Amino acid sequence: MTDSIFYKRSSKRAYLDREIPKDTLNEILEKTRWSPSCSNNQPWRFVLVTERNQREQFMTALPQGNQWAAKAPLLVAVCAREADDFNREDDPVKYYQFDCGMAVMSMLLAATEEGLMGHPMAGYDADKLHAILQIPEDYHLVCILSLGYSGESAELSKQWREYDQSPRNRKSLSEIASFERFSFSD
Ligand SMILES: Cc1cc2nc3c(=O)[nH]c(=O)nc-3n(C[C@H](O)[C@H](O)[C@H](O)COP(=O)(O)O)c2cc1C
């Protein structure tokens, strides 16, 4: 693998106790802002949580399995509302959610480029986070992220250390890409 950000990006769990400089965060947000979206609707809204008290509140909405995120200096809630979707009656795809996925990937890659590590999460209590972050009812929480500088996995608890040190794997190219026609066995 090369040292391209596409290969360097990974969802680890150990963070350094180190703040993200304002300029660095701004650079990441600027790059994220230029993400593509259906009909250029830009439905994403990011709630960025940096203050210690508010981060502690945020963490109360996460299950035990995601408590490693408590050390991250930045927690992000990605929200969007269906009213900002690109609608076509014959199309079941929820583009406002798809677009958020595009923006989250931009954010993760931009963070990687800045030497940071981002970890997306679907494990959280959405009702609780809505209340803590004062997110209006018509906005859905699409996912959350932790962002910060990577720490030493040796400092993690045994279970998380094992996750972080285990080899990352992916399906083979032939399992996910076929030429000229759809020809997958499963
Ligand atoms: C939408 C989404 C939700 C995820 N939710 C969690 C989560 O709740 N907890 C967690 O530890 N990792 C979570 N992950 C991280 C994935 O487990 C991780 O991306 C996957 O194992 C591939 O590893 P990599 O990101 O290091 O390439 C989530 C990733 C995505 C994209």
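The values are calculated or read from the model by the stated rules, or taken from the named source; none is laboratory data. Bear in mind that the values here come from a model prediction, so they are computed numbers and not experimental data. So basically every Cβ, Gly included, is an ideal-geometry build from the backbone, and we count neighbours across all protein chains shown.
Residue check: is E19 over 15 Å from the mean Cα position of the chain (by Cα), within 27 Å of Q165 (Cα to Cα) and among the charged types (D, E, K, R)?
Details: over 15 Å from the mean Cα position of the chain (by Cα): yes; within 27 Å of Q165 (Cα to Cα): yes; among the charged types (D, E, K, R): yes.
In short, yes.
Out of L145, L129, L133, report the one residue that is within 11 Å of the ligand (Cβ to nearest atom) and either modelled with pLDDT of 95 or more or of a type in the set (V, I, T) (or both).
Going through L145, L129, L133 in turn, just one is within 11 Å of the ligand (Cβ to nearest atom) and either modelled with pLDDT of 95 or more or of a type in the set (V, I, T) (or both): L145.
Looking only at the range 1-47, count every residue that is surrounded by 14 or more Cβ atoms within 10 Å (Cβ to Cβ) and within 16 Å of the ligand (Cβ to nearest atom) and tell me the total.
Within the range 1-47, residues that are surrounded by 14 or more Cβ atoms within 10 Å (Cβ to Cβ) and within 16 Å of the ligand (Cβ to nearest atom) number 12.
I'd like the full set of residues that are closer than 23 Å to N26 by Cα and either over 20 Å from the mean Cα position of the chain (by Cα) or of a type in the set (S, T, Y) (or both), limited to the range 53-95.
Of everything in the range 53-95, just one residue is closer than 23 Å to N26 by Cα and either over 20 Å from the mean Cα position of the chain (by Cα) or of a type in the set (S, T, Y) (or both), namely N53.
For the range 95-126, how many residues meet the condition of being within 12 Å of the ligand (Cβ to nearest atom), over 14 Å from A72 (Cβ atoms) and either among the small types (G, A, S) or in a strand (DSSP E or B) (or both)?
Result for the range 95-126: 3.
This table checks each residue for (1) of a type outside the set (K, R); (2) within 26 Å of A61 (Cβ to Cβ); (3) in a loop (DSSP other than H, G, I, E, B).
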{"site": "A131", "(1), (2), (3)": "yes, yes, no"}
{"site": "H140", "(1), (2), (3)": "yes, yes, no"}
{"site": "A154", "(1), (2), (3)": "yes, no, no"}
{"site": "Q159", "(1), (2), (3)": "yes, yes, no"}
{"site": "E162", "(1), (2), (3)": "yes, yes, no"}
{"site": "K171", "(1), (2), (3)": "no, no, yes"}
{"site": "S174", "(1), (2), (3)": "yes, no, no"}
